[in-house]
Amino acid sequence: MSKNILITRSFDRSKLFSNYLTEHGYCVYHEPLFDIEYINCNILFNNNISSIIITSFNACRAILANKFPKNIKIYAIGQQSCQILKDNGYYNIEIAKNRSVLSLIKLIKDNNKSKELRFCYLRGQVISYDLKKNLDICGFDICEFICYKTKEYQSFSTLLLNNINHINYPYILLYSQNSAKIFYNLAVKHNLVEKFKDSQIICFSQQITKIVKNLDNKIWNDNIFNYNNFKFLKNFYD
């Protein structure tokens with residue numbers, strides 16, 4: 001099997017990971033599936049927000065785009081996603097173990113027994129788990145704010161379409177439910193579903209895995225995996 005790997009993110013959004021893969025002998029191809037538009041979050045500064053909750057790399061970017069105070073408390077999933085915040089001077093960050101929303105919720109509960117602080121969940125338009133509802137039920141004061149929007153691409157890149165007949169992609173990485181749906185829809189549009197039937201579709205959460213398995217296509221079902229199944233991915237992200 002070749003060591004080609006298709007990442008459904010741009011190089012700018014996965015630079016460290018791409019370099020890591022290259023150093024370990026992988027040939028990395030990038031196929032971003034949408035553009036990101038960050039939304040002005042300044043209204044939050046007048047709402048007595050004590051802590052921010054984020055569950056995506058794009059939410060990290062939104063914090064930078066809106067120049068949140070460097071000392072604001074941040075609860076997050078993923079050491080690698082938060083590295084960009086640390087590199088830009090944010091230091092008051094608590095990161096959940098196991099890269100899961102449930103472990104993030106446990107961390108918030110354990111650290112805030114009094115439930116006196118006001119939280120804001122920064123999120124995109126599509127989420128895999130209703131974190132706000134869970135914390136609402138537990139008695140936390142929490143609002144949510146859509147801090148970025150996505151603009152889906154209507155086609156695969158010219159580079160991928162030109163390469164598809166002579167380059168195989170044994171590994172395809174899907175980072176979100178949205179990415180999974182867009183990738184599949186574009187594969188259908190370009191009649192490429194069969195081309196990816198031998199690829200290992202690697203998902204970064206159980207929710208993404210469920211989405212892919214529930215797609216109309218059943219050809220991929222035997223080749224859908226969680227990133228934890230791959231040591232070279234687990235070593236980087238954990």
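The values are calculated or read from the model by the stated rules, or taken from the named source; none is laboratory data. Keep in mind the model is a prediction, meaning the values are calculated, not measured. Don't worry about glycine lacking a Cβ; one is built from the backbone with ideal geometry, like all the others, and counts go over all protein chains shown.
Scan segment 212-224 and tell me whether some residue there is within 20 Å of the chain's Cα centre (by Cα), more than 21 Å from Lys3 (Cβ to Cβ), at pLDDT 90 or above and surrounded by 15 or more Cβ atoms within 10 Å (Cβ to Cβ). The answer is no, given that none of the residues of segment 212-224 is within 20 Å of the chain's Cα centre (by Cα), more than 21 Å from Lys3 (Cβ to Cβ), at pLDDT 90 or above and surrounded by 15 or more Cβ atoms within 10 Å (Cβ to Cβ).
A Cβ distance below 6 Å, combined with a sequence gap of six or more or placement on separate chains, defines the contacts here; from segment 94-107, residues that are on the phi > 0 side of the Ramachandran plot reach no residue that is at pLDDT 85 or above and in a helix (DSSP H, G or I). The helices (runs of 4 or more DSSP H) found entirely in segment 1-101 that carry 2 or more residues being farther than 26 Å from Lys132 by Cβ and either modelled with pLDDT of 90 or more or β-branched (Val, Ile, Thr) (or both) are 15-23.
Scanning segment 146-153 turns up no residue that is outside any loop (DSSP other than H, G, I, E, B), in contact with a Cys (Cβ under 6 Å, 6 or more places away or on another chain), surrounded by fewer than 17 Cβ atoms within 10 Å (Cβ to Cβ) and in contact (Cβ under 8 Å) with a residue 40 or more places away in the chain. Restricting segment 1-33 to residues that are hydrophobic (A, V, I, L, M, F, W, C), surrounded by 18 or more Cβ atoms within 10 Å (Cβ to Cβ) and out of contact with any His (no Cβ under 7 Å at 6 or more places or on another chain), the residue that is nearest to Phe183 (Cα to Cα) is Leu33.
Screening Tyr38 with (1) in contact with a Cys (Cβ under 9 Å, 6 or more places away or on another chain); (2) of a type outside the set (Asp, Glu); (3) under 20 Å from Cys203 (Cβ atoms) gives one miss only, at (3). The residues of segment 104-120 that are part of a helix (DSSP H, G or I), surrounded by 14 or more Cβ atoms within 10 Å (Cβ to Cβ) and out of contact with any Cys (no Cβ under 7 Å at 6 or more places or on another chain), listed by number, are Leu104, Ile105, Lys106, Leu107, Ile108.
Only one residue in Asn178, Asn168 is part of a loop (DSSP other than H, G, I, E, B), closer than 30 Å to Tyr20 by Cα and in contact (Cβ under 8 Å) with a residue 12 or more places away in the chain, so which one is that?
Details: Asn178 fails: part of a loop (DSSP other than H, G, I, E, B).
Going through Asn178, Asn168 in turn, the sole match is Asn168.
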